[in-house]
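Enquirer: Got a structure for you, questions after.
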């Protein structure tokens, strides 16, 4: 098991480094974030950085890079305060991944893929139809990560839609049944088939 | 697919809410973070919030809650600046999950589980022996998330060890071969068996 050092990383070919560092921290969440500008342009983009921040209040975070892609997501969130987070499930991984292509703001990824908008409960951003878990989010705050000029977007959950059979008696959402994907690196999508749950742990 | 609203969430039983919100954002990374205090006490704890922040410089983040468990991890990082991130693989999910038990600082989780310390290249924190990917991290900065008093810890990669057969020609680390776990909610561990990789996407 050879050691790769920081100076090795700094000297790598750019794409090699991106693949390596994107896959080194383990599996990532696989979500489509959808937004709508005040003038009605919709956007949907794959994100692998959506992270649980806390349950009370219910907060989720994700990382965006405002100066580059996916700028549309960031701009729309700043305009309207609303966005949706939608689980990428096994049937849409290829379509979802295509949203990483760099389309101009005037072109909606919904019109370039088989992904469909779903509006409900008067929410100002569309959901992605058919996703087993759909979350309506309200922007709360942003934190500039000065080390690389990325931004942590913090939002609170306003609406949560979960396919019935996925929700267990204790609140656990069964992602195996949902056939939700998980992302390896930049472009690897896996659908886990089985999990083990462990009980609450106490010192022994 | 009934709607769960924010007020429903706020009124839930605490454990139900924790299970629900922890599983709603999809799969999470499964890592053991290990640290050592200046007086030599070692700590190892499971974290599901390790997230890729950027590749150049190579930065990873994770969320901690300093006022409660796992305080030892945070304190040791602030003391020494060093920590290690180690992939939880299929053989150690149960042992890894046990590190979520609340041990006092004087008791090392390494002494209460079958997890073993591994010291190498004079790094000031131990790695977890046998993990397919091990990362030596230098603390860079922290951001207080005021909305719930959690902290985003930002660190840079100093050392990276990857089992030989996992590293592909383009820098992609094959987590299927690594048998790295992914976490569903608080306590569900899955080992994905197969993935599809998609190519770089351009507008069509």
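The values are calculated or read from the model by the stated rules, or taken from the named source; none is laboratory data. Remember, it's a predicted structure, so these values are computed and weren't measured experimentally. No Cβ is skipped: glycine too gets one built from the backbone with ideal geometry, and neighbour counts run over all protein chains shown.
Enquirer: Here is a check on your reading of the model: is residue A:25 under 15 Å from the mean Cα position of the chain (by Cα) and either at the interface with chain B (Cβ under 8 Å from one of its Cβ atoms) or free of Cβ contacts under 8 Å to residues at least 40 places away in the same chain (or both)?
Expert: Values: under 15 Å from the mean Cα position of the chain (by Cα): no; either at the interface with chain B (Cβ under 8 Å from one of its Cβ atoms) or free of Cβ contacts under 8 Å to residues at least 40 places away in the same chain (or both): yes.
The answer is no for residue A:25.
Enquirer: Next question, about the same structure. Looking at the stretch B:97-124, which of its residues are touching a helix residue (DSSP H, G or I) at 6+ places or on another chain (Cβ under 7 Å), more than 7 Å from every other protein chain (Cβ to nearest Cβ) and closer than 17 Å to residue B:37 by Cβ?
Expert: B:99, B:105, B:117, B:124
Enquirer: Based on what the data block shows, is residue B:187 modelled with pLDDT of 95 or more, surrounded by fewer than 16 Cβ atoms within 10 Å (Cβ to Cβ) and touching a helix residue (DSSP H, G or I) at 6+ places or on another chain (Cβ under 8 Å)? Steps first, please.
Expert: Values: modelled with pLDDT of 95 or more: yes; surrounded by fewer than 16 Cβ atoms within 10 Å (Cβ to Cβ): no; touching a helix residue (DSSP H, G or I) at 6+ places or on another chain (Cβ under 8 Å): yes.
No; evaluated as a whole, the condition is false for this residue.
Enquirer: For the stretch B:151-165, which residues satisfy the criterion of being within 7 Å of chain A (Cβ to nearest Cβ) and out of contact with any strand residue (DSSP E or B) (no Cβ under 6 Å at 6 or more places or on another chain)?
Expert: Selection gives B:163, B:164.
Enquirer: Out of the residues in the stretch A:170-190 that are within 7 Å of chain B (Cβ to nearest Cβ) and assigned to a loop (DSSP other than H, G, I, E, B), state the one that is farthest from residue B:198 (Cα to Cα).
Expert: In this case the residue turns out to be A:170.
Enquirer: Which number in (1) touching a residue at least 12 places away in the same chain (Cβ under 8 Å); (2) at the interface with chain A (Cβ under 9 Å from one of its Cβ atoms); (3) crowded, with 24+ Cβ neighbours inside 10 Å marks the one condition that residue B:84 misses?
Expert: Going through (1) touching a residue at least 12 places away in the same chain (Cβ under 8 Å); (2) at the interface with chain A (Cβ under 9 Å from one of its Cβ atoms); (3) crowded, with 24+ Cβ neighbours inside 10 Å one by one, residue B:84 breaks only (2).
Enquirer: Just for the stretch A:93-112: of the residues that are out of contact with any strand residue (DSSP E or B) (no Cβ under 7 Å at 6 or more places or on another chain) and touching a residue at least 60 places away in the same chain (Cβ under 8 Å), which one is farthest from residue B:198 (Cα to Cα)? Even if it seems obvious, please write down each step before you answer.
Expert: So the first thing to find is which residues in the stretch A:93-112 are out of contact with any strand residue (DSSP E or B) (no Cβ under 7 Å at 6 or more places or on another chain), and the list is A:94-95, A:98, A:101-107, A:111-112.
So of that shortlist, the ones also touching a residue at least 60 places away in the same chain (Cβ under 8 Å) come out as A:105-106.
Numbers: A:105: 24, A:106: 25 Å.
By that ranking, first place goes to A:106.
Enquirer: Hey, another quick one. Name every residue in the stretch B:28-43 that is within 16 Å of the chain's Cα centre (by Cα), farther than 30 Å from residue A:137 by Cβ and not in a strand (DSSP E or B), in order of residue number.
Expert: none
Enquirer: Name, by its number, the condition in (1) in a helix (DSSP H, G or I); (2) touching a strand residue (DSSP E or B) at 6+ places or on another chain (Cβ under 9 Å); (3) surrounded by fewer than 20 Cβ atoms within 10 Å (Cβ to Cβ) that does not hold for residue A:23.
Expert: Looking at each condition in turn, residue A:23 falls short on (3).
Enquirer: Given (1) part of a strand (DSSP E or B); (2) over 19 Å from residue B:152 (Cβ atoms); (3) away from chain A (no Cβ under 12 Å), where does residue B:4 come up short, assuming only one miss?
Expert: (3)
Enquirer: From the residues in the stretch A:45-62 that are surrounded by 21 or more Cβ atoms within 10 Å (Cβ to Cβ), in contact (Cβ under 8 Å) with a residue 24 or more places away in the chain and within 7 Å of chain B (Cβ to nearest Cβ), which one is farthest from residue B:154 (Cα to Cα)?
Expert: So, considering only residues that are surrounded by 21 or more Cβ atoms within 10 Å (Cβ to Cβ), in contact (Cβ under 8 Å) with a residue 24 or more places away in the chain and within 7 Å of chain B (Cβ to nearest Cβ), the one farthest from residue B:154 (Cα to Cα) is A:58.
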